1. Given (1) modelled with pLDDT under 95; (2) exposed (fewer than 13 other Cβ atoms within 10 Å of the Cβ); (3) closer than 30 Å to VAL107 by Cβ, identify the lone condition not met by LEU21.
2. For the stretch 26-43, state whether one or more residues are within 16 Å of the chain's Cα centre (by Cα), in a helix (DSSP H, G or I) and exposed (fewer than 13 other Cβ atoms within 10 Å of the Cβ).
3. What are the pairs, 6+ residues apart or on separate chains, where a residue within the stretch 75-90 that is under 12 Å from ASP31 (Cα atoms) has its Cβ under 6 Å from a residue that is part of a helix (DSSP H, G or I) and among the basic types (Lys, Arg)?
4. For the stretch 39-74, what are the residues that are touching a residue at least 12 places away in the same chain (Cβ under 8 Å), farther than 21 Å from LYS28 by Cβ and either touching a Cys at 6+ places or on another chain (Cβ under 8 Å) or not β-branched (Val, Ile, Thr) (or both)?
5. Mind telling me which of the residues ARG3, ARG50, ARG69 ends up being modelled with pLDDT under 95 and either in contact with a His (Cβ under 6 Å, 6 or more places away or on another chain) or under 30 Å from GLU118 (Cβ atoms) (or both)?
6. Specify the residue that is farthest from GLU99 (Cα to Cα); the eligible residues are those in the stretch 19-38 that are in contact (Cβ under 8 Å) with a residue 60 or more places away in the chain and not charged (D, E, K, R).
Amino acid sequence: MLRVRALHEDQAKRDAHEAELRLIEAKKQRDVKEAELERYRKWRPKEEDRRYAAIIGKPMNASALGEFRDDLARLAQGELQRLEQVQEADDVVQKRQAETDEARQQVIVARRACMKLEEHRNIWTTAMHKEEERLADLEMEEARGPAEASDES
C-alpha cells in the first residue's frame, strides 16, 4: 500500500514539474507578445508620419484618400490585434498558474497520504516489537517461574 502511495506521490511530482514547465513556456510566450506590442507601438507613429509625409503636397483623388485612411485604420487595427494577443497570452499564463498551483497541492496531498501510511506502519511495527518483547518476557517468566516458586516455599 505504501508503495502505491509513493508511486502516486512520484506521479504528482512529475505532474507538478510538467505544469511548472508549461507555466514557464506560457510566460515566455506572453513576454514575446508584449515585446512585439511595444515594438509595434514604437514603429506605428513613425510609419504614420512617413506615410503622411509621402502624401503631403501631392494631389489625391477621393479613392486614393480613402485607401490612405484605410491603411491608417489597418495600422491601428494591427495594434489592437497585438494587444488582444497579449491579453490572450496573459489569460493562458493565469490558467497555467492555476494548474501549477493545483498540481503543487496534489503533491502535498500525496505526500501527506504517504506520511500517514508511514506513521501507521511505524506504529504497527512498534506495537509488534512490544508484543514480541512481552512474549519473550512471558516466556522467561514461565521458564523462571516454577524455580523461583519453589525457592519461596
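The values are calculated or read from the model by the stated rules, or taken from the named source; none is laboratory data. Everything numeric in this text was worked out from a predicted model, so none of it was measured. Glycine also receives a Cβ, built like all others from the backbone with ideal geometry; neighbour counts cover every protein chain displayed.
1. (1)
2. There is at least one residue in the stretch 26-43 that is within 16 Å of the chain's Cα centre (by Cα), in a helix (DSSP H, G or I) and exposed (fewer than 13 other Cβ atoms within 10 Å of the Cβ).
3. Pairs found: GLN85/LYS33; VAL86/LYS33; ALA89/ARG30; ALA89/LYS33; ASP90/ARG30.
4. As a first pass, look at the stretch 39-74 and keep what is touching a residue at least 12 places away in the same chain (Cβ under 8 Å): 40-41, 44, 47-48, 51, 55, 68, 71-72.
Among the residues that remain, those that are also farther than 21 Å from LYS28 by Cβ are: 44, 47-48, 51, 55, 68, 71-72.
Within the stretch 39-74, ARG44, GLU47, GLU48, ARG51, PHE68, ASP71, LEU72 meet the criteria.
5. After applying the criteria, what remains is ARG3.
6. GLN29
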